[in-house]
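Below is one structure; the comments refer to it alone.
Bear in mind these aren't lab numbers, they're just calculated from the coordinates by the rules spelled out. The structure presented is a predicted model; accordingly, all values stated were derived computationally and were not measured. Cβ placement follows ideal geometry from the backbone for every residue including glycine, while neighbour counts extend to all protein chains displayed.
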Amino acid sequence: MPSFIGTYTYAIDHKGRIAIPPSMRRGDSPRRPLTTFFLNRGFDGCVAVYSPDSWQRMLERIRKFSPGDAKARAFRRAFLKDAMEVTVDTQGRVTIPPALIALAALGKEAVLHGADACIEIWNPKRFQEKSTTAVEAAGSFEDLADGLFEDDA
């Protein structure tokens, strides 16, 4: 499963296409670049872009939800409602569906942020707000990380 890292700013053209950086298209092997992705509603108001492996892992987790749990059913419906498989074109672009463009309030420019298991596509202003708020809410980067990592000692 590829790990996506880095933050880039790219233009979105009038057809809703955005380039995926070459480093994010490499996948697990530079010889076999990723040619398809799964786009979906992300958390906090972004578009989530999954590799086929990451997408399958998400579906496996969702399949474990109890069918008798109303919250699980509602989440499953909301999660899959606007999901779409897309193919990378010869220029390294994917087309973002109009529903996801609207959900993420995307305009002519977007921030692509590697979030390990997926790529997040953000409205630049929203990304800045979420990035700043995440650190300032806890007071510092170190405070934000406190308790999230197990002590190896």
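By the rule of a C-alpha distance below 30 Å, with chain neighbours fewer than 8 residues away ignored, the lysines paired with Lys125 are Lys15, Lys81, Lys108. With the simple spin-label model, which puts each label point 7 Å out from Cα in the Cβ direction, the Asp143 to Arg61 separation comes to 2.8 nm.
Computed on the Cα atoms alone, the convex hull of the chain gives a volume of 145 cubic angstrom per residue.
Which helices of the chain meet both criteria: a Cα extent of 18 Å or more along the helical axis and a mean Kyte-Doolittle score no lower than -1.0, with helices taken as whole DSSP H segments? It would help to have the intermediate numbers written out before the result.
On the way: long enough: 124-138 (22 Å, -0.95).
Span-like helices, by this rule, are 124-138.
Our helix-only sum for the chain, with -39,500 (n - 2.57) per DSSP H run of n ≥ 4 divided by its residues, gives a mean residue ellipticity at 222 nm of -10000 deg cm²/dmol.
In this label model, Arg26 and Asp44 are separated by 2.5 nm, measuring between points 7 Å along each Cα→Cβ vector.
Within the listed set Pro124, Pro52, Pro22, the Gaussian network model of the chain (springs between alpha-carbon atoms below 10 Å) gives the highest mean-square fluctuation for Pro22.
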